[in-house]
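What follows is calculated from the coordinates using simple rules that are stated; it is not laboratory data. Quick caveat: nothing in here was measured; it's all calculated off a predicted structure. Neighbour counts run over all protein chains shown; Cβ positions are idealised from the backbone, glycine included.
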């Protein structure tokens, strides 16, 4: 595939009053390598700056993205502040980690306010563009009502600490409940070609309400798939690029946030914004969903 490396190639979507390119960047992988060893700080900041050069204007992060020696929010602040006016930084609250890295979950107004204020402090902002309420533990979808914590975030939005609200790790019922409390600009769930395909209907429901659907771990394969390999080989691209392109083809409201700490992988991911799969290729790929 011969294409320019430009995040704008996938088009744009509106998160409330903010316009973002549909190809974005996830900051989680900036802190350490897959084997757990620390990332190189200078390289991580180079990746962030290069992402903006390639047209990325939507970065996903969280205060709980940290390792013993790295913090995603601190890296973003150090590398990119003062921030470009068009940059939208999305963060999430609900899960938390103590200094030892142990996980806990919060839902009270006081605790959520603390998490929002910590993200603001770390990023060097006076408010947050988008805050996702993440529910459930690990990758397990949360059960029960999200009314109490989402109402608390809506109050923080009224106070001016948050511009727009989203929800994460949720079901269609959660989205319907949240929409009854406040405007929702995005849903962020684990989703991909061979992962969580039960969310196909949720993607459509989000589109009906003008809500962005933002998959995380969209490149994760689980198992190797011959069809993905065949399409990638025929197009002269990587399997990861095929998976990202498939995701973006699911609807104009779908945003991609692939993460990496490797400059070459960043360019590969962003280049997928310009990969147009044919109807025949999409049909073949959907047979393995």
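Note on residue 198/residue 280: beta-carbon distance plugged into 1/(1 + (r/R0)^6) with R0 of 22 Å gives a FRET efficiency of 0.30. Residues 168, 183, ranked from the fewest to the most other C-beta atoms within 10 Å, line up as 183, 168.
Computed over the chain, relative contact order equals 22 percent, with contacts defined as Cα pairs under 8 Å that lie 6+ residues apart. Mean sequence separation of contacting Cα pairs (under 8 Å, at least six apart), scaled by the length of region 118-186, corresponds to a relative contact order of 37 percent. If I model a spin label at residue 42 and residue 207 as a point 7 Å from the Cα along the Cα→Cβ vector, what separation in nanometres do I get? With each label placed 7 Å out from Cα toward Cβ, I get 4.6 nm. Based on DSSP H segments of at least four residues, each scored -39500 (n - 2.57), the chain has a per-residue ellipticity at 222 nm of -10500 deg cm²/dmol. Sorted on the mean count of surrounding Cβ atoms within 10 Å across their residues, most packed first, peptides 29-38, 184-193, 199-208 read 184-193, 199-208, 29-38. Neighbour counts of other Cβ atoms within 10 Å put 104, 174, 164 in the fewest-to-most order 104, 164, 174.
If r is the Cβ-Cβ distance from residue 34 to residue 226 and R0 is 25 Å, what FRET efficiency results, to the nearest 0.05?
0.55
Site pair residue 53 and residue 117 shows an inter-label distance of 3.9 nm when each label is modelled 7 Å from Cα along Cα→Cβ. Taking the centroid of alpha carbons for each part, region 177-216 and region 59-114 are 22 Å apart.
The fewest-to-most ranking of 121, 18 by surrounding Cβ atoms within 10 Å reads 121, 18. Largest first and in whole Å, the equivalent-ellipsoid semi-axes of region 156-289 read 29, 17, 12, each the square root of five times a Cα gyration tensor eigenvalue. The base-10 log of I(q)/I(0) for region 44-137, evaluated at q = 0.11, 0.13, 0.18, 0.25 Å⁻¹, reads -0.32, -0.44, -0.82, -1.38 [Debye formula, identical scatterers on Cα atoms, solvent excluded]. Only Cα pairs under 8 Å and 6+ residues apart enter the sum, and on that basis the relative contact order of region 180-273 stands at 29 percent.
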